[in-house]
Amino acid sequence: MRDELKPYFRENRLPHIWCPGCGHGIIMGALARAMAKMDIDKKNTAVISGIGCSSRATGYLDFDTLHTAHGRALAFATGYKMVKPESKVIVLTGDGDCTAIGGNHLIHVARRNIDLTTIVFNNNIYGMTGGQYSPLTPNGSKATTSPYGNLERNFDLVQLAKGAGATFIARSTVYHVNQLTDLIIKGINHKGFSLIEVVTQCPTNYGRKNKMGSPAQMMLWQKEHAVTKAQADKMTAEELKDKFIVGLLHQEEAPEYTEQYAKMVANLMGGDDK
Amino acid sequence: MVIIDQKLCKGCGICVSLCPKQALALNEVNKSYYAHPDVCIHCGMCELWCPDYAIIVERESKE
Ligand SMILES: Cc1ncc(C[n+]2csc(CCOP(=O)(O)OP(=O)(O)O)c2C)c(N)n1
Ligand code: SF4
């Protein structure tokens with residue numbers, strides 16, 4: 001590992017437990033590089049995760065970290081941010097953790113516009129528990145719980161986040177690792193709730209069942225199926241059917257919850273000078 | 001120069017397959033090594049794509 005990245009890792013915990021070719025390590029690397037580029041204040045940064053292979057990342061990162069309960073990372077992060085509003089809080093979560101058991105927390109954290117940066121490791125499956133389908137498993141894909149193909153309709157996390165009020169929404173892949181690093185920096189710098197969905201590969205429990213080939217072939221799949229917003233605008237619905245849009249997809253300014261809360265407290269206590 | 005930490009490499013083959021110049025290969029114990037330094041363009045992508053932080057690309061020491 002490059003010396004510049006070492007301050008961000010608990011090096012004695014490496015190598016990590018992720019399978020050979022698992023994309024989760026690429027996301028964690030992109031996060032560490034983003035932190036190095038921003039020269040982030042380690043003392044004022046917390047990294048919080050739920051449960052899943054992806055959520056294991058907090059064990060390897062040398063920050064104030066919380067490895068919480070399945071689906072509850074955003075709830076813990078809300079508490080942390082309320083108590084330490086001056087800190088940057090980064091949430092690492094899986095597609096199952098974030099959109100299934102944790103879906104309700106996601107809606108309300110986005111609605112409140114709390115200043116958290118959430119990185120969703122979307123490998124389209126529950127990796128840790130052996131490959132059950134998640135809300136982000138594509139229609140028709142095989143999982144241990146959908147051996148004949150997933151019957152459920154495709155679900156767009158970006159649309160959900162937008163509807164719920166997230167003020168920064170982006171999507172990238174581990175193939176597009178430079179774009180990903182850049183979006184993580186932008187998401188951390190954004191004041192308000194940021195969601196970054198990262199398409200990543202689980203060669204062990206998703207790729208194998210769906211005959212997607214080696215980890216590298218799964219990354220080439222990401223390259224071939226990702227389109228920019230500008231490209232998508234010129235494509236027909238038919239052409240867009242198995243594609244997904246990458247890049248910064250939405251950003252707006254809105255009152256941030258912990259700031260509004262601090263203002264209210266100050267007002268109730270009789271003004272800023274007390 | 002591409003330095004590959006043999007202790008960290010898990011032999012997933014991502015760097016070998018995605019290197020635009022095919023400068024890397026897997027050795028007999030399934031670890032990546034710098035097989036063809038002459039074709040390497042030091043783009044640094046293998047370092048960014050390595051899920052195990054096993055690779056460092058030194059751009060300056062080409063000659
Ligand atoms: C309350 C609760 N229910 C179920 C589980 C079992 N469980 C552990 S990880 C996991 C799914 C993880 O999937 P995902 O969030 O997509 O992460 P991945 O492992 O794919 O990175 C489940 C269902 C649990 N730990 N706790
Ligand atoms: S099971 Fe899948 S998600 Fe979990 S470490 Fe292995 S490849 Fe990664």
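The values are calculated or read from the model by the stated rules, or taken from the named source; none is laboratory data. Everything numeric here is computed off the predicted structure, so don't read it as measured data. Every residue, glycine among them, receives a Cβ derived from its backbone with ideal geometry; neighbour counts consider all protein chains shown.
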* Structure fact -> Going through segment A:161-208 in order, the residues found to be under 24 Å from A:Cys22 (Cα atoms), among the small types (Gly, Ala, Ser) and touching a helix residue (DSSP H, G or I) at 6+ places or on another chain (Cβ under 6 Å) are A:Ala170, A:Ser172, A:Gly207
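I need the full set of residues from segment A:110-135 which are of a type outside the set (Phe, Trp, Tyr) and under 15 Å from A:Lys209 (Cβ atoms), in order please. I'd like the intermediate steps shown before the answer.
Looking only at segment A:110-135, we keep the residues that are of a type outside the set (Phe, Trp, Tyr), and these are A:110-120, A:122-125, A:127-132, A:134-135.
Scanning segment A:110-135 gives A:Asn123, A:Asn124, A:Ile125, A:Gly127, A:Thr129, A:Gly130, A:Gly131, A:Gln132, A:Ser134.
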* To do: For A:Ala57, state whether it is within 14 Å of chain B (Cβ to nearest Cβ), at negative phi and within 16 Å of ligand 1 (Cβ to nearest atom).
  => yes
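Using the structure shown, decide if A:Ile114 is within 20 Å of A:Ile245 (Cα to Cα) and not small (Gly, Ala, Ser).
no
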* **Number of the exception - A:Gln222 against (1) without any contact (Cβ under 8 Å) to a residue 60 or more places away in the chain; (2) more than 15 Å from ligand 2 (Cβ to nearest atom); (3) closer than 19 Å to A:Leu157 by Cα** => (2)
* Asked: Which pairs do you get when a residue that is among the hydroxyl-bearing types (Ser, Thr, Tyr), found in segment B:24-50, comes within reach of a residue that is modelled with pLDDT under 95 and outside any helix (DSSP H, G or I), reach meaning Cβ atoms under 8 angstrom, with the pair 6+ apart or on two chains?
  -> B:Tyr34/B:Met1
* Could we say that A:Ala237 is more than 20 Å from the chain's Cα centre (by Cα) and in contact (Cβ under 8 Å) with a residue 60 or more places away in the chain here? -> no
* **Test for A:Gly52: is it in contact with an Asp or Glu (Cβ under 9 Å, 6 or more places away or on another chain), surrounded by 23 or more Cβ atoms within 10 Å (Cβ to Cβ) and away from chain B (no Cβ under 14 Å)** => yes
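Determine if segment B:4-15 includes at least one residue that is within 18 Å of A:Ser214 (Cβ to Cβ) and surrounded by fewer than 20 Cβ atoms within 10 Å (Cβ to Cβ). Before the answer, list the steps.
Taking segment B:4-15 as the starting set, the residues that turn out to be within 18 Å of A:Ser214 (Cβ to Cβ) are B:9-15.
From what's left, surrounded by fewer than 20 Cβ atoms within 10 Å (Cβ to Cβ): B:11, B:13.
Yes - at least one qualifying residue is present in segment B:4-15.
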* Asked: Does B:Ile3 meet the test of being out of contact with any helix residue (DSSP H, G or I) (no Cβ under 6 Å at 6 or more places or on another chain), among the hydrophobic types (A, V, I, L, M, F, W, C) and either on the phi < 0 side of the Ramachandran plot or within 13 Å of chain A (Cβ to nearest Cβ) (or both)?
  -> yes
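Is one or more of the residues making up segment A:140-160 within 11 Å of ligand 2 (Cβ to nearest atom) and either modelled with pLDDT of 95 or more or out of contact with any His (no Cβ under 7 Å at 6 or more places or on another chain) (or both)? Before you say what the answer is, go through the steps one by one.
Of segment A:140-160, the ones within 11 Å of ligand 2 (Cβ to nearest atom) are none.
Scanning segment A:140-160, I find no residue that is within 11 Å of ligand 2 (Cβ to nearest atom) and either modelled with pLDDT of 95 or more or out of contact with any His (no Cβ under 7 Å at 6 or more places or on another chain) (or both), so the answer is no.
Restricting to segment A:43-88, what's the tally of residues that are polar (S, T, N, Q), within 16 Å of ligand 2 (Cβ to nearest atom) and under 27 Å from A:Gln260 (Cβ atoms)? Working first, answer last.
From segment A:43-88, those polar (S, T, N, Q) are A:44-45, A:49, A:54-55, A:58, A:65, A:68, A:78, A:87; that's our starting set.
Right, trim to within 16 Å of ligand 2 (Cβ to nearest atom) and you get A:49, A:54-55, A:58.
With the extra rule that they be under 27 Å from A:Gln260 (Cβ atoms), the set shrinks to A:49.
Residues flagged as polar (S, T, N, Q), within 16 Å of ligand 2 (Cβ to nearest atom) and under 27 Å from A:Gln260 (Cβ atoms) within segment A:43-88 amount to 1.
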